[in-house]
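Engineer: One structure, pasted below without further comment.
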Amino acid sequence: MTKFGKDIKYVDIVKIIDESEYEVLKKLPGFIVKWITKIIRQDEMNRILVKYSDYSGIDFLNKIIEEFNLTLKIEGKENLPENGKCFFVANHPFGVIDGLILTHTVSEKYGTLKAIGNDAFMFLPQLRPLIAAVNVFGRSSKEYVKALDDTYHSGIPITHFPAGEVSRRYKGKVQDAEWQKSFITKAISSKRDIVPFYFYGRNSRLFYMVNVIRQLFGIKLNIELLLLPREMFRKRNKTIKVKIGKPIPYHMFDKSLSHWDWAQKIRSHVYEIGNMK
């Protein structure tokens, strides 16, 4: 794959495996690695990233939504406050497309934002201007911590998926895991109201089946994550429905509940929004 005479490969599974800390990955036979590159649609992903390599940040988001020909049906835009210094939080059913739509919707209203995401996103230069990276693979360095703290205390809108991972099948239905408490803690300390989003929809049966099989065999490595690019491409030409709830003032998070309990209460509220007629 070339552009302007140079080889460009934003996503390179062979390189990722070679540099991985998991020895089991490095021992995978070549035909398995080749199969993985097909499953994640590596060539198609790189084609799209090269096609829009001259775009970055919000402009890149808009181009990707156009590329996938997504129709967005968003209810409750009137609930977006004029002051964008908020946490815009959501359930996480898809893994990629919901992230694109959440950031797109917030940026459309406020013109700027930061998205809390793990540092894997930093491999995509087009997204770097939007990401407030969290090093989920180890202890965050002082640089990470300071950069995040500066973001929290700025006036910039922040998008976040508090589950920290894509929805799986829990307790007989597809839903987020318990939400992490950090967004409550930071909402209080940085005086940010919380704006809840609910995404309707789910991934394929294959995605959840792989997750269930992995758990049955006690495999800790999240194999199903390899299917997320496939899930993203399955959303091409689809209509994605989203519902936005009313802002929740940060000062309501008093000491009557722990930060963890407040996080679960907001999680339940998000799902209630989805069930409202």
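The values are calculated or read from the model by the stated rules, or taken from the named source; none is laboratory data. All figures in this text were calculated on a predicted structure; none of them were measured in a lab. Quick reminder, even Gly has a Cβ in these numbers, built from the backbone with ideal geometry, and neighbours come from all protein chains shown.
Engineer: Given the structure, is residue 76 at positive phi, in contact with a Pro (Cβ under 7 Å, 6 or more places away or on another chain), surrounded by 15 or more Cβ atoms within 10 Å (Cβ to Cβ) and not charged (D, E, K, R)?
Structural biologist: So residue 76 does not fit the description; no.
Engineer: Could you give every pair whose Cβ atoms fall below 6 Å, whose first residue belongs to the stretch 86-101 and is of a type in the set (Gly, Ala, Ser), and whose second residue is in a helix (DSSP H, G or I), counting only separations of at least 6 or pairs across chains?
Structural biologist: 90/102; 95/228
Engineer: While we're looking at this one, here's another question. Tell me which of these residue 205 doesn't satisfy, since it passes every other one: (1) surrounded by 13 or more Cβ atoms within 10 Å (Cβ to Cβ); (2) farther than 26 Å from residue 20 by Cα.
Structural biologist: Among (1) surrounded by 13 or more Cβ atoms within 10 Å (Cβ to Cβ); (2) farther than 26 Å from residue 20 by Cα, the lone unmet condition for residue 205 is (1).
Engineer: Report the residue count in the stretch 149-200 for those that are in contact (Cβ under 8 Å) with a residue 12 or more places away in the chain, of a type in the set (Lys, Arg) and closer than 25 Å to residue 222 by Cβ.
Structural biologist: Here the count works out to 3.
Engineer: I would also like to ask the following. Which one is farthest from the chain's Cα centre (by Cα) among residues in the stretch 148-181 that are surrounded by fewer than 18 Cβ atoms within 10 Å (Cβ to Cβ) and basic (Lys, Arg)?
Structural biologist: Only one residue tops the list, namely 171.
Engineer: Among the numbered criteria (1) outside any helix (DSSP H, G or I); (2) modelled with pLDDT under 95; (3) over 17 Å from the mean Cα position of the chain (by Cα); (4) not hydrophobic (A, V, I, L, M, F, W, C), which one does residue 38 miss?
Structural biologist: (1)
Engineer: Within the stretch 143-190, restricting attention to residues that are at pLDDT 90 or above and among the basic types (Lys, Arg), which residue is nearest to residue 108 (Cα to Cα)?
Structural biologist: 186
Engineer: Separate question: Does residue 184 satisfy being buried (at least 20 other Cβ atoms within 10 Å of the Cβ), more than 22 Å from residue 65 (Cβ to Cβ) and within 19 Å of the chain's Cα centre (by Cα)?
Structural biologist: Considered against the rule, which asks whether it is buried (at least 20 other Cβ atoms within 10 Å of the Cβ), more than 22 Å from residue 65 (Cβ to Cβ) and within 19 Å of the chain's Cα centre (by Cα), residue 184 comes out as yes.
Engineer: Can you tell me which of (1) of a type in the set (Gly, Ala, Ser); (2) under 28 Å from residue 69 (Cβ atoms); (3) touching a Lys or Arg at 6+ places or on another chain (Cβ under 8 Å) is the one residue 245 doesn't meet?
Structural biologist: (3)
Engineer: Taking the condition aliphatic (A, V, I, L, M) and touching a strand residue (DSSP E or B) at 6+ places or on another chain (Cβ under 7 Å), does residue 36 pass?
Structural biologist: In short, no.
Engineer: Could you tell me how many of the residues in the stretch 144-174 are over 30 Å from residue 206 (Cα atoms) and of a type outside the set (A, V, I, L, M, F, W, C)?
Structural biologist: 10
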